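To keep things clear, I will list the structure first and then write my remarks on it.
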Amino acid sequence: MKFKDKLKQIPGSWYFLMTIVLIYILLLVFRQEAILDSLTFFCQLIYKMIPIFVLIFVLMSLSNYFITPEFIMKHLKEKGIKKWFFMVAGGILSSGPIYMWYPLLGDLKKKGLSYGLIACFLYNRAIKIPLLPLAIIYFSWQYILVLTIVMIIFSIIQGILINKLMEVNK
Amino acid sequence: MKQSMFKSAKGLWNAFPMILGTILLVSLMSTIIPNSFYLFLFSKSSFLDSFIGSIVGSISAGNPITSYIFGGEMLEQGVSLVAVTAFLVSWVTVGLVQLPAESAILGKKFALLRNLGAFLFSIVVAVLTVLILGVIM
């Protein structure tokens, strides 16, 4: 394999990290004191986050084990208001990158799932239970609770609006 | 269960360079950028702050962990809660990076309407969340 092809295989996030490290090295020449302060701050942040990442790992493993696309598909067959409830729950409990869910949602659309319910599912993917401990540490549990409730309400409002708008635009 | 743990470890490992890079960047910004810069960028009015926060969140992409780290540090620098909330909400609900994939699979009209709606709602959600918090706390 050519060197160029090997470089292409490296995910973009590694380039991001390398760029930041390079900035640190360059600034070390001109502003040594600022870089040392930054590294102290960095160590403090990492120390604060290690136990949270352990908790995130445990919660992610549990959610990956119990919540599968099959589990969600099974519950999407519910009728009426229950369907909205399961879309909210499904969005919150679903894991993995969002693009992984597009094919399944596209398939469900063909089977009659409304655009509004898909929008509701996608909006609720923003609420991540495994990441709540980190969010609470940064912003307080009262804030996260209120934000979560407001977001759930607006996910349903967005779903209803999308249904109406998609009908108008047909 | 072993497979689920492996999947989680893989997910965290994939996010690792982005998280580490973000923590390094946040540490650097906290040291070299004065607080007055953030106060100049935001602190105009609740609506304008949330609008700016939403724009910044919409064009950013990545793991929500990154947005919490950024948002938390923005708050420490004196940026208003409404702006930080709009930033957090738009980061996870507006997907400009995923827009082409979403359009291709779920339809262009739907993808545009959903993302535009999510952008506008991030401002409303931010203002409402801060208002409710102000009442109950």
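Results, tabulated for the structure shown:
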item: Value at 222 nm in deg cm²/dmol, rounded to 500, when DSSP H runs of n ≥ 4 in chain B each add -39,500 (n - 2.57); result: -28000 deg cm²/dmol
item: Accessible area of residue A:107 in the full protein assembly, 1.4 Å probe (Å², nearest 10); result: 60 Å²
item: Helix-only CD estimate at 222 nm, as mean residue ellipticity for chain A, using -39500 (n - 2.57) per DSSP H run (n ≥ 4); result: -26500 deg cm²/dmol
item: Charge dipole of chain A about the Cα centre (unit charges at C-beta), most positive-ward option of A:34, A:166, A:134; result: A:166
item: Members of A:48/B:7; A:6/B:10; A:110/B:2 lying beyond 31 Å, as alpha-carbon distances in this model show; result: A:110/B:2
item: At least 18 Å along the helix axis (C-alpha) and Kyte average at least 1.6, DSSP helices within chain A; result: A:12-30, A:141-168
item: Shape category assigned to the stretch B:81-122 from the gyration tensor of Cα positions, a/c cut at 1.5; result: prolate
item: Contact surface A-B: accessible area buried, both sides summed, square angstrom, 1.4 angstrom probe; result: 5500 Å²
item: Sites matching trypsin sites (Lys or Arg not before Pro) across the stretch B:38-131 that sit in DSSP coil, with at most 15 neighbouring C-beta atoms within 10 Å; result: B:44
item: Average partner coverage of B:13-24, which counts Cβ from other chains inside 10 Å; result: 6
item: Over chain A, relative contact order from alpha-carbon pairs under 8 Å, at least 6 apart, %; result: 21 percent
item: Per-residue average of Cβ from other chains inside 10 Å of B:73-81; result: 1
item: Net charge, residue A:102 excluded, C-beta distance under 14 Å - Lys, Arg +1, Asp, Glu -1; result: +3
item: Rounded accessible area per residue of the protein assembly as shown, 1.4 Å, Å²; result: 53 Å²
item: Cβ neighbours within 10 Å from other chains - mean over B:105-118; result: 6
item: Mean Cβ count within 10 Å, highest first, over the residues of peptides A:155-167, A:37-49; result: A:155-167, A:37-49
item: Global geometry of chain A, whether rounded, prolate or oblate, following the gyration tensor of its Cα atoms and the 1.5 cut on a/c; result: prolate
item: Percent RCO, i.e. relative contact order, over chain B, from Cα pairs under 8 Å lying at least 6 residues apart; result: 25 percent
item: Three-way shape call for chain B based on the alpha-carbon gyration tensor, with the a/c threshold at 1.5; result: oblate
item: Charge dipole (debye, nearest 20) of the protein assembly as shown; +1 at Cβ of Lys and Arg, -1 at Cβ of Asp and Glu; result: 1340 debye
item: Test item: Cα-centred dipole of chain B, Lys/Arg +1 and Asp/Glu -1 on Cβ, debye; result: 520 debye
item: Residue among B:58, B:45, B:67 with the largest mean-square fluctuation in a Gaussian network model of chain B, springs linking Cα atoms under 10 Å; result: B:45
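The values are calculated or read from the model by the stated rules, or taken from the named source; none is laboratory data. Remember, it's a predicted structure, so these values are computed and weren't measured experimentally. Ideal geometry is used to build each Cβ from the backbone, glycine not excepted, and the neighbour counts take in all protein chains shown. Side chains included, ligands, DNA and RNA excluded: accessible areas come from the protein's heavy atoms. Shrake-Rupley method; radii C 1.70, N 1.55, O 1.52, S 1.80 Å.
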